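Read-outs throughout are calculated quantities, based only on the coordinates presented, and are distinct from any laboratory measurement. None of the values given here were measured: they were computed from a predicted structure. Because the Cβ atoms are built from the backbone with ideal geometry, glycine has one as well, and the counts that use them run over all protein chains shown.
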């Protein structure tokens, strides 16, 4: 399956459909992240954008802490998560805790750069407010995991 450019997928519409079928997910994200249910729906859009960036770029990326918490909640809906990954991203996206703090910060900076290229300025409510590449942005200790068998090349234009 060819992965479409992240801007060619309507992540908002996908979230509307997800929450129509799984309304409990919004409440779980809101509770786990200590945010309103309205913001939980918006945060889920950001989680999907993060997941899309991981498969499109073919790099191991790390989300900011708040998105990582929402990703954890999404994964608990195992059937939904599996179907979502395969339907929109062509494969299951593994979630792996770990990495040193230095590795995680470097991967978060790479994630933020990719996000900015595709979607513009990231929402500071979900991505942090210390600037795109600031050292003070709290990253999650989890990452999307790509194939361990070979070095993956980024398919970004002009990269």
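Would you please classify the overall shape of the range 1-132 from the alpha carbon gyration tensor, given that a ≥ b ≥ c denote the square roots of the eigenvalues, rounded means a/c under 1.5, and beyond that prolate means a/b larger than b/c while oblate covers the rest?
Working: a/c = 1.40, a/b = 1.15, b/c = 1.22.
Judged from the Cα gyration tensor, the range 1-132 comes out rounded (a/c under 1.5).
Can you grab the distance from the C-alpha centre of the range 112-127 to the C-alpha centre of the range 80-97, Å, no decimals?
Answer, in whole Å: 21.
Which order do the peptides 64-72, 18-26 take when ranked by the mean count of other beta-carbon atoms within 10 Å per residue, highest first? Before the final figure, lay out the partial values.
Values: 64-72: 21.6, 18-26: 14.7.
Most protected by this proxy first, the peptides run 64-72, 18-26.
When a/c reaches 1.5 or more, the comparison of a/b and b/c decides; with that in mind, is the range 34-86 rounded, prolate or oblate per its Cα gyration tensor? Provide the component values of the computation, followed by the final result.
Working: a/c = 1.95, a/b = 1.30, b/c = 1.50.
Since a/c reaches 1.5 but b/c is at least a/b, the shape of the range 34-86 is classed as oblate.
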